[in-house]
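Coordinate-derived values only; no laboratory data. Just so you know, these numbers come straight off a predicted model, no measurement behind them. Here the Cβ positions follow ideal geometry from the backbone for every residue, glycine too, while neighbour counts run over all protein chains shown.
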Amino acid sequence: MSAPILSIRNLTTSFRSGKVWTPVVKDLSFDIAPRETVAIVGESGSGKSVTALSIMRLVPEVNGRIEGRILLQGRDLVPLPESDMRAVRGGEISMIFQEPMTSLNPVLTIGFQIAETLRFHRLIGQAQAEAEALRILDTVRIPAAKARFNEYPHRFSGGMRQRVMIAMALACRPKLLIADAPTTALDVTIQAQILELIKELQDAFGMAVMFITHDMGVVAEVADRTIVMYQGDGVEAGETGTLFLAPRHPYTKALLAAVPKLGSMAGQDRPGRFPVVDVLTGESDVPQTTPETVDPNAQPLLDVRDLVTRFDLRSGILGRVSGRVHAVEGVSFSLRAGETLALVGESGCGKSTTGRSILRLVEPRSGTVMFEGRDVASLPKTELRAMRQRMQMIFQDPYASLNPRKTVGGSIAEPMLVHGLADRTTARARVADLLVKVGLSPDMVDRLPHEFSGGQRQRLCIARALGLAPRLIVADEAVSALDVSIKAQVINLMLDLQAEFGLAYLFISHDMAVVERVSHRVAVMHLGEIVEIGPRAAVFDDPQHPYTRKLMAAVPSPDPARRTLRRGLSNDEIPSPFQKPDYVPPKRLYREVSPGHLVQES
Amino acid sequence: MKTFLVRRLGFALVTMFAVLTIIFMIVRVLPGDPAMVILGDQADAAAIAALRTRLGLDQPLLVQYLEFLGGAVRGDWGVSLVTGRPVVQDVLDVLPWTIELTVSALLIGAIIGIPLGVWAAINRNRAIDYATRMVSLLGLSFPAFVSGIMLLIGLAIQLRWFPVISGNRSNLSSWALSLALPAINLGLIMAAYITRVTRSAMLEVLSEDYVRTARAKGAPWKIVVWRHALRNALIPIITIVGLYLGVLIGNSVLTEIVFNRPGLGKLIVGALNQRDYTMLQGMMVIYTMLVVGINLATDLVYGAADPRVKMS
Amino acid sequence: MTAAATTRTPGARVLSATIRAFNANKTSWIGLGVFLLVVVLAVLAPWISPHDPLEQDIFNKLASPSSRYWLGTDYFGRDILSRLLHGARYSLIIGIVATFMAMIIGSIIGILAGYYGGRFDLFTMQVMDILLAFPSLILGLIIVAMLGPSLTNIIIAIALTSIPSFARIARAPTIAVKEREFIEAGRSLGYSDARLMSVHILPNISAEILVMFSLWTASSIRTEASLAFIGLGLKPPIPTWGGMIRDGFENILDSYWLALMPGVAILIIVFALNLLGDGLRDAIDPKLKGEQ
């Protein structure tokens, strides 16, 4: 057993607000061995990021205080003077962050930013530093590295920027790399590339990695050992395989229960509720089976045919149309009452635009949207308002979805009042009723949104949508911004409401595992087109289209046995649906693999 | 960058016409008779009518407008009612004085303001930060003529360090001495503005992710501040200082009066006092062109500084 | 969040929010206090002035400060202190009314431009940008010169110079708020544009606008004094601060307090309003204060 690279002993980090010091990391202890990958997993507020910042001593000194010992190969970093600590940062321990889009300096070229790291830690000249930087850029597989050396960050996509960040971090061959959720903001196929790259570089440089994440699937794939954090405490630690198969702490059990595992719904046709585990006792309830909510013989509630939405891009002096984004290109599907159809795909595939086009928040170019027998796409604006009552939308960001100045009761009542469905007194009663329906309490009526958590706010948005008694709800990444356990709760709520009110959902998401639990049918979108559509069981168990297969293979699965799996690196960027103005999209043909399961012919 | 340039130029031209039209409209449409204002309300009707004809005020509005625009384009900005010389001539005569005053004020402001603002930002919430904020707030609260008068009273009249009346260019030292007080007056006010802008821009930038990345790389604090933070902060600083140049021009008018210095300001005030209507109208056009030009220049500097614009 | 639990009624909530805003930077209390003091003095001017501001005492002209004339007398033997007190009324009225008008008009333009965007926004903001860059003094000077220096004209001129600033300060947060999902949610719920702008956007940007109100009142008072100094203020013998400085300027070599006193008065009120507005701005944007 070689000596650990990093040894944390009784780390306590506190922040001051006013006169009060609040500990955010409490008495944490763990080791990282050389060449080992340790994952720190937890939800928001768990203190995992602060742990990383404490190790790097990037915690602001004015309001932050670090206590305990942080031993880097025996040397305690906590009392180290700043000038010595600076040599450690980037030289012995490096860190990469979550947001690649804002983590690079926009006014300096990427080559310069990598070269300057080298010059901070070694006594070398500019030319030598640049040569070395170029070598590293090659190592992280930036295509045409030499040509792109002098370009600015805004010319690179998110995945590419993260590669640049990795190059900067590894330039001086640190012993430990701290990766703070580096792939959270990336699409799943890009995420797979980056995770693969980190694994490869770890082997090549022989370094240890501390990987911070909330995604159990990522943990299973990368970590030798895992530490679970909850509200500042390290509640459980152990070898990853053992932790997943036999969790001991109630919180770990709750977390694992809430993680959707791709392939866990095999053999079931209907959506499935998540089991809810009590955080304190660790006891799990038995999820009831969801009732049948769809009448297979009914006419479809929503029937979309050949929907096309394009965005013109203008450039040049006269503002001529220089190209078009073919966001939605000939999309057709139908949806019955009580049914959930998922639109799944990566960024730029057009799933969000499809949802918005159906509600006419964005104007489609052509196509029909038959809802309750009327074509929404061609309705005049005056009649659109009435139609809007029956189809509602729930958005991704719960923090921005409610007016911060209005009480939540006011926000929920407003649609009813605006559409004349209720007067002030009846609205008040309805609001109380709706709050109970979504699992909140009626005495929260006069509170402001900032007093609620993310999950609670999403429930409030659902309550607001329900006030108009809609038949269709478009959920646009409605649970993507929520913590894992909250995600599960909100999904359970949505399934309950579907059973009670016969709601149809158009569930837009990039998360295949969540989609597997929630949907009756699935449509996979790529570059504005549906490439595969069918009953969930059919598409997931027997994916036909190459893109569907690629997507499913990229999803990190919370199965530790997959840790040794290597995908083989590719550098593909996600293509964008941007075309020249004279582009005519080809006609697409679909082949029926089994009843209701259609695949696009390539 | 070329598209950006041409676009901005096009906009500049269009807006110049728009602003001139607006100013024209304001003056013509609101109640008040310029001729009466010039001659005073004691003048007889015949004299007023004659002046109106001479100024072209009896023509239909559209004709007046076209004449006005046409003149502006041709470079014919009217003839002074008082001196009989073309407005352009008078303006060119005094332009060097105004330019040297504004440029020196800007330099003083930047040399004092930027380092002070950076220093306040990196020492935020400490005593020096509060002191800087209070002093700079006090500085920009001064109307330029009040601070000018105080400087005049204190340094010129009481202490006799500087001449009371400036405008002596006979040799280098007297030129410097007579430029000093007016430039210091304007410069200190400018410094107050620039300090505040720099401080808030730096605070914004210092909390950005890429500054955290620079620190995580092991960059020395000095390099973080000057290479990573300030270079980014300069972009909004340039934009906002461009806006403040308007304030600078306004303050230079007041300074020129207080220190009895030739310049555009004194020209416009002289025209006011002497009711030189055409001179005023001509100067209106000139100021518009000046402002549009400054706006354009600021945009260009901003475009050159921000690679996201430069490369597109 | 137990503190919030006790302030449930809308009125109490607004009050506690206002107090918290003032407390963000304690100097805003000082600014408010001084400003209110000046207002009170101005309102009470006719009753508390030791002398009639227009009364001339030729035998005591250009007197230094004394027990009879606390701040001395001007060229016509008029008491400077009384003239200062009365002059405060004009400065405050012009400053506050002009800024208020500009706030209403400018905010409406800004919100409309930010909400609808497109060519309307592009065009309007270009014009506003140019007007904004135009020195307020020159713009005000031109308008007052053309129209004549009456109280109404001066107020209109200063209001016009302040409108572009309000348009800008209303537009930027409108655009930011417009992108937030609760606005899109409102559209999907069938709310009209007018409702979205008035009920949803406006309350979320009112803080910035109100801070601007304080800062621009300071600026308006300064502009009015500058115009009066140039000779475009209310005509004598009306005591305006700027006019008093103009008169005093002629005697600056011997009786410098004539020009100094009104200058200090202007400085005090402008500084107070700036303290107030700047301090409140800390409440809106904690980053400016330097907190994380």
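Please list, in order along segment A:444-449, the HN-Hα scalar couplings obtained from phi with the Karplus expression 6.51 cos²θ - 1.76 cosθ + 1.60 (θ = phi - 60°), rounded to whole Hz, x for Gly and Pro.
8, 4, 8, 7, 9, x
Please enumerate, by chain and number, the lysines with C-alpha under 24 Å from the C-alpha of B:LYS266, excluding those fewer than 8 residues away in the same chain.
Leaving aside lysines fewer than 8 places away in the same chain, those within reach of B:LYS266 are C:LYS235.
If each residue's Cβ is checked for other Cβ atoms within 10 Å, how do B:TRP226, C:TRP241, C:TRP47 rank with the fewest at the top? Walk me through the intermediate numbers first.
On the way: B:TRP226 11, C:TRP241 28, C:TRP47 7.
Ascending number of Cβ neighbours within 10 Å: C:TRP47, B:TRP226, C:TRP241.
For segment C:199-216, just list the computed ³J(HN,Hα) in residue order, Karplus coefficients 6.51, -1.76 and 1.60, θ = phi - 60°, integers in Hz, with x standing in for Gly and Pro.
8, 9, 7, 3, x, 7, 10, 5, 4, 4, 5, 5, 4, 4, 4, 5, 5, 6
Taking the Cα centre of the protein assembly as shown as the origin and placing charges on Cβ (Lys, Arg +1; Asp, Glu -1), which of B:TYR65, B:GLY139, C:ALA102 is farthest toward the positive end of the dipole?
B:GLY139
For A:ALA266 and A:LEU80, what is the calculated FRET efficiency with R₀ set at 41 Å and r taken between the beta-carbons, to the nearest 0.05?
Working: r = 53 Å, r/R0 = 1.30.
Once the sixth-power term is evaluated, E becomes 0.15.
Can you sort C:ILE154, C:ILE252 so the residue with the fewest Cβ neighbours within 10 Å comes first?
On the way: C:ILE154 26, C:ILE252 20.
Lowest count first: C:ILE252, C:ILE154.
Mind checking the angle between helix A:484-501 and chain A's longest principal axis? C-alpha axes, 0 to 90 degrees, to the nearest 10.
On a 0 to 90 degree scale, this one is about 10.
Which FRET efficiency value, to the nearest 0.05, is calculated for B:TRP175 and A:SER17 with the Förster distance at 56 angstrom and r the Cβ-Cβ distance?
0.45
Considering only DSSP beta bridges with both partners in the protein assembly as shown, what is the antiparallel share in %, to the nearest 5?
Details: 61 of 98 bridges.
Looking only at bridges with both residues in the protein assembly as shown, the antiparallel portion is about 60 percent.
By the gyration tensor of its Cα atoms, with a ≥ b ≥ c the square roots of the eigenvalues, what is the shape of segment B:182-303: rounded for a/c under 1.5, prolate for a/b over b/c, or oblate? Write down the numbers at each step before the final one.
Numbers: a/c = 4.91, a/b = 2.60, b/c = 1.89.
Here segment B:182-303 falls in the prolate category.
Once whole DSSP H runs in chain B are found, which of them have Cα atoms spread over 27 Å or more along the helix axis and a mean Kyte-Doolittle score of at least 0.0?
Details: long enough: B:2-29 (40 Å, 1.73); B:87-122 (49 Å, 1.66); B:172-206 (44 Å, 1.20); B:231-258 (38 Å, 1.55); B:277-305 (42 Å, 1.25).
Span-like helices, by this rule, are B:2-29, B:87-122, B:172-206, B:231-258, B:277-305.
Where does chain A land at 222 nm, in deg cm²/dmol rounded to the nearest 500, when only DSSP H runs of n ≥ 4 count, each adding -39500 (n - 2.57), divided by all residues?
On the way: 19 runs with 194 residues, N = 602.
The helix contribution divided over chain A gives -9500 deg cm²/dmol.
In the structure displayed, which of B:LYS2/B:LYS217; A:LYS351/A:LYS487; A:LYS19/A:LYS253; A:LYS19/C:LYS26; A:LYS261/A:LYS406 lie more than 27 Å apart, Cα to Cα? Could the numbers behind the result be given before it?
Working: B:LYS2/B:LYS217 36 Å; A:LYS351/A:LYS487 20 Å; A:LYS19/A:LYS253 37 Å; A:LYS19/C:LYS26 17 Å; A:LYS261/A:LYS406 39 Å.
As for pairs spanning more than 27 Å Cα to Cα, those are B:LYS2/B:LYS217; A:LYS19/A:LYS253; A:LYS261/A:LYS406.
Based only on other Cβ atoms within 10 Å, what is the fewest-to-most ordering of C:SER49, A:SER576, B:SER136?
Numbers: C:SER49 17, A:SER576 12, B:SER136 26.
Taking fewest neighbouring Cβ atoms as first place, the list is A:SER576, C:SER49, B:SER136.
Near the amide H of A:GLU236, under 5 Å away, which other amide H atoms are found, from residues 5 or more places off or on another chain, if H is placed in the peptide plane?
Under 5 Å from the amide H of A:GLU236 lie the amide H atoms of A:VAL228, each far enough along the sequence or on another chain.
Give the calculated FRET efficiency between C:ARG119 and C:ALA12 to the nearest 0.05, with a Förster radius of 41 Å applied to their Cβ-Cβ distance. Don't jump to the answer; show the numbers that get you there.
Values: r = 45 Å, r/R0 = 1.09.
E between C:ARG119 and C:ALA12, to the nearest 0.05, is 0.35.
Taking amide H positions as placed 1.01 Å from N in the peptide plane, with prolines and chain starts having none, which residues 5 or more places from A:ILE40, or on another chain, fall under 5 Å of its amide H?
Under 5 Å from the amide H of A:ILE40 lie the amide H atoms of A:PHE211, A:ILE212, A:THR213, A:ILE227, each far enough along the sequence or on another chain.
Report, by chain and number, residues whose modeled amide H sits under 5 Å from the one on B:SER80, excluding near sequence neighbours (fewer than 5 apart, same chain).
B:ARG85, B:VAL87
Quick one: putting +1 on the C-beta of Lys and Arg, -1 on the C-beta of Asp and Glu, what dipole do you get for segment C:170-219 around its Cα centre, in Debye to the nearest 20? The partial results should precede the final answer.
Values: 5 positive and 5 negative charges, 15 e Å.
Dipole size: approximately 80 debye.
Dipole magnitude of segment A:229-286 about its Cα centre, charges +1 at Lys/Arg Cβ and -1 at Asp/Glu Cβ only, in debye to the nearest 20?
200 debye
Determine the shape class of segment A:280-335: with a ≥ b ≥ c the square roots of the Cα gyration tensor eigenvalues, call it rounded for a/c under 1.5, and otherwise prolate if a/b is greater than b/c, oblate otherwise.
On the way: a/c = 7.89, a/b = 1.94, b/c = 4.06.
It is oblate, given that a/c is not under 1.5 and a/b is not larger than b/c.
About the Cα centre of chain B, what is the dipole size in debye to 20, counting +1 per Lys and Arg Cβ and -1 per Asp and Glu Cβ, all else neutral? Each step should come with its number before you reach the end.
Numbers: 26 positive and 17 negative charges, 302 e Å.
That gives a dipole near 1460 debye.
With both bridge residues required to lie in chain A, what share of the DSSP beta bridges run antiparallel, to the nearest 5%?
Numbers: 59 of 96 bridges.
Taking every DSSP beta bridge within chain A, about 60 percent pair in antiparallel fashion.
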